[in-house]
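J.: Before I ask anything, let me first share the structure, which is written out below as C-alpha cells.
Please treat every number below as a calculation from the coordinates, not as lab data. As the structure is a prediction and not an experimental result, all values here were calculated from the model. Cβ sites come from the backbone with ideal geometry, for glycine too, and all protein chains shown count toward neighbours.
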Amino acid sequence: MRKIFAMILTVVLTLSLSAVTAENAGMANPWIELESLEELNEKAGTYLQLPGVMGVRVKACRLMNQGEPMLAEVIFEVNGMEYTLRTAGCVEDISGFYMPDGKTAFEGREYDSFAIVNAEEMKLARWLNLDGQYILYVRDGGTMEEETFAGIAEEMVLLTNRFSLPEIAEGTYYDSVSMRAYAEVSMIEEGKYAIEVHWSDSVSEDNQWNMTAVLTEDGLLVYDDCEEKHVVTMEDGSSTEVYANLIPEGYFAVSEGKLLWTGAADESCRDCVFELAGK
C-alpha cells in the first residue's frame, strides 16, 4: 500500500511540476479542486495556514481522496515564488519526490520531527505534529538561499501546530513539594487570572505574592506586576505588612492541571508544584 500511494503521489507531483493537465495525460484528475483554504480545512479536517506576510496569494486548494490517507494541499505564492504545502494523517513520506538513488525525499526519516532536503531544483521540508505530517516544497528552489527556505519552513511549523490552551480551574492550589505554600486562583476574565501565593514561615508570619497573570499561546501564565509582602500577625490580632522590593516579572507553567512556579522571582519558590485541592 505504501509503494502504491507513493507512486500515485509521484505521478501527481510530476504532473504538477510540469504543468501537464489530466486530460492531456489521458488519466482522471485525482484532485478535487476547492474554492478556499477554509473549505479545504473544513472538508479535510486539516489546519493548513499561510504565512502572515505581504503579497501572499492562494493559487489552488485541493484534496486527493483516492485511497488512504486523504491528502490535502494548498499552492500559494509569495513575491513570485510558488510553494506547495500538503498534509496527510500518516507517517509514510508523502512528498512524492524521488532522489537520484531511487528513494523518496524523506525515506528513512519518517519519524524525524523536522527535516529538510535541499535538492538540485527543489527544497523540501517535512515535519510531524499531532495531526500527522506536513510537507512544504518550493519550485525552482535552486534560486533560494537554504537559510531563507529553512526560516519559512520553521514559521510554517508554528502555523500548523494546533495548540489548545489548557483549562485553568479556579480555587485553592497546594504546593506538593514544600507542603507549606498554597495559591488562590480566580479568573478575572477569559485568559486572565488573579493569583495570590502564600508561604508561611510560622503561625504568625506569612509571605504573600499577588499578581495578575495572562495565559499565553505556549501555555504559560505570565505576569509583570507581582507584589510581595511579609505579613506579621500579633497576639492581639493586629498585623503589620512589609513590602519587599523584588523583580515583578515571572510565570507559572501549566502542566496536566498543575501550576509549576518555575518563573518565580523568589528562588525558594521555584520548585513549587501547585495542585488543585481535592484533585
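J.: Calculate the tail of P(r) for segment 170-213: the fraction of all Cα-Cα distances greater than 15 Å, expressed in %.
T.: The proportion of pairs with Cα distances above 15 Å equals 46 percent.
J.: Continuing with the same structure: If you wrap a convex hull around the C-alpha atoms of segment 119-160 and split its volume per residue, what is the figure in Å³?
T.: Each residue corresponds to 58 Å³ of Cα convex hull volume.
J.: For residue 200, list long-range residues whose amide hydrogen, built 1.01 Å from N in the peptide plane, is under 5 Å from its own amide hydrogen.
T.: 207
J.: Something else: Identify the residues of segment 39-61 with backbone N under 17 Å of a label point that sits 7 angstrom from the Cα of residue 77 along the Cα-to-Cβ direction, or state none.
T.: Label zone hits: 51, 53-61.
J.: If you don't mind, another one. Please give the contour-minus-distance gain from residue 33 to residue 129: 0.36 nm per residue of separation, less the Cα-Cα distance, rounded to one decimal in nm.
T.: Full-extension gain reported as 32.0 nm.
J.: Right, another one. For residue 107 and residue 140, calculate 0.36 nm times their separation in residues minus their Cα-Cα distance, and state this gained length in nm to one decimal.
T.: 9.7 nm
J.: To continue, here is another question. Starting from the exponent 0.38 and prefactor 2.2 Å, build the expected Rg for segment 210-269 from its residue count and divide its actual Cα Rg by it.
T.: 1.38
J.: A further question follows. Evaluate the distance, in nm, between pseudo-label points positioned 7 Å from the Cα of residue 179 and of residue 270 along their respective Cα→Cβ axes.
T.: 2.5 nm
J.: Mind giving me the FRET efficiency for residue 242 and residue 189? R0 is 45 Å, r the Cβ-Cβ distance, nearest 0.05 is fine.
T.: 0.90
J.: Please state, to two decimals, what the Cα-based radius of gyration of segment 78-132 comes to when divided by 2.2 N^0.38 Å (N = residues).
T.: 1.17
J.: While we're on this one: If you take the square roots of the eigenvalues of the alpha-carbon gyration tensor of segment 89-162 and sort them as a ≥ b ≥ c, do you get rounded (a/c under 1.5), prolate (a/b over b/c) or oblate?
T.: It is oblate, given that a/c is not under 1.5 and a/b is not larger than b/c.
J.: Now a separate question. When the chain is fully extended, how far beyond the present Cα-Cα distance does residue 277 get from residue 161, taking 0.36 nm per residue of separation?
T.: This chain segment gains 38.5 nm when fully extended.
J.: Here is a follow-up. Once a ≥ b ≥ c are taken as the square roots of the eigenvalues of the Cα gyration tensor of segment 36-133, is the result rounded (a/c under 1.5), prolate (a/b larger than b/c) or oblate (a/b not larger than b/c)?
T.: Taking the square roots of the gyration eigenvalues as a ≥ b ≥ c, segment 36-133 is oblate.
J.: Set the Förster radius R0 to 30 Å, insert the Cβ-Cβ distance between residue 99 and residue 154 as r into 1/(1 + (r/R0)^6), and round the FRET efficiency to 0.05.
T.: Plugging the Cβ-Cβ distance into 1/(1 + (r/R0)^6) gives 0.85.
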